[in-house]
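The values are calculated or read from the model by the stated rules, or taken from the named source; none is laboratory data. Everything numeric in this text was worked out from a predicted model, so none of it was measured. FYI the Cβ positions are ideal-geometry reconstructions off the backbone, even for glycines, and counts take in every protein chain you see.
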Amino acid sequence: MKIRINFPTDILVNPIIAEIILETGALLNISQAQIDSIHGKIIADVPEDQFNAIKNALTSRGATVNVLDRPIIRDEDECVDCGACVSVCPVKVFSFGEDWSVNMDVEKCIQCGICLAMCPHGALVLGR
Ligand code: SF4
Ligand code: SF4
C-alpha cells in the first residue's frame, strides 16, 4: 500500500526512516522524496500487514502518515486521448497504447493532483 509521510521542520535532523526500518523490520520502498530545510515529504510503498507498526513508529516521532487509497479516476466519456496527462504525471500512470489511446495504471498514482489541471476535458478527478 502507498503512504505519504510528512515531516515537520524540527525532526528533519533525525534519521527517522532508518530508525523505523530498524524498529519495525519493515522494508519501505520509497518512490518519491522531497526534503528541504523546512519540510520533508516521502511517498513509499509499505507491506499492508506492517502498516500499523510503521505508522505508530512514525507518528511517535512527530511525523504524519496518510494512506494514498484514493487514486485518480477518469471519466471515459470525457477523455479524448489527447495525451496531455501523459507527460505531466511524475510516476507514469498514463501511457500511450499501440493504438494511441491513453492507458492508465492507477496502482502507481500518488494523488499529487498535477494531472487534474492539465486535462482539457475535465475527465480526471481524485477518488472519493
Ligand atoms: S494525481 Fe498525480 S500521480 Fe496520480 S495520475 Fe495524476 S499526476 Fe499521476
Ligand atoms: S488529459 Fe484528459 S482528455 Fe487528455 S488523455 Fe488525459 S484524461 Fe484523456
| note | Here the residues within the range 84-128 that are farther than 23 Å from residue 30 by Cα and acidic (Asp, Glu) are 98, 99
| request: Scan the range 59-72 residue by residue and report those that are touching a residue at least 40 places away in the same chain (Cβ under 8 Å) and either over 15 Å from the mean Cα position of the chain (by Cα) or near ligand 2 (Cβ under 10 Å from one of its atoms) (or both). | output: 61, 62, 63, 72
| Qualifying positions in the range 113-128 - more than 9 Å from ligand 2 (Cβ to nearest atom) and at pLDDT 90 or above | 113, 114, 116, 117, 125, 126
| field | Positions within the range 13-36 being more than 22 Å from residue 112 (Cα to Cα) and surrounded by 14 or more Cβ atoms within 10 Å (Cβ to Cβ), in sequence order | value | 16, 20, 21, 23, 24, 26
| said: Of all residues being under 10 Å from residue 26 (Cα atoms) and surrounded by 13 or more Cβ atoms within 10 Å (Cβ to Cβ) in the range 38-58, which is farthest from the chain's Cα centre (by Cα)? Just the residue, please. | reply: 53
| query | Where residues in the range 89-108 are surrounded by 15 or more Cβ atoms within 10 Å (Cβ to Cβ) and without any contact (Cβ under 8 Å) to a residue 60 or more places away in the chain, which of them is nearest to ligand 2 (Cβ to nearest atom)? | reply | 102
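Among what's in the range 73-88 and is charged (D, E, K, R) and more than 22 Å from residue 1 (Cβ to Cβ), pick the residue that is farthest from ligand 2 (Cβ to nearest atom). Talk me through it step by step, then tell me what you get.
Step one: of the range 73-88, the residues charged (D, E, K, R) are 74-78, 81.
Pick out the ones that are also more than 22 Å from residue 1 (Cβ to Cβ) and you get 75-78, 81.
Values: 75: 8, 76: 9, 77: 11, 78: 7, 81: 5 Å.
It comes out as 77.
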| note | Taking the range 25-47 and keeping only residues that are over 23 Å from residue 12 (Cβ atoms) and of a type in the set (S, T, N, Q), one is left with none
| message | residue 115 - would you say it is touching a Leu at 6+ places or on another chain (Cβ under 7 Å) and either assigned by TED's automatic domain parsing to the domain that holds residue 33 or within 11 Å of ligand 1 (Cβ to nearest atom) (or both)? | response | yes
| field | strands (runs of 3 or more DSSP E) enclosed by the range 48-99 - at least 1 residues per element that are of a type outside the set (D, E, K, R), within 13 Å of ligand 1 (Cβ to nearest atom) and over 20 Å from residue 8 (Cα atoms) | value | 72-74, 94-96
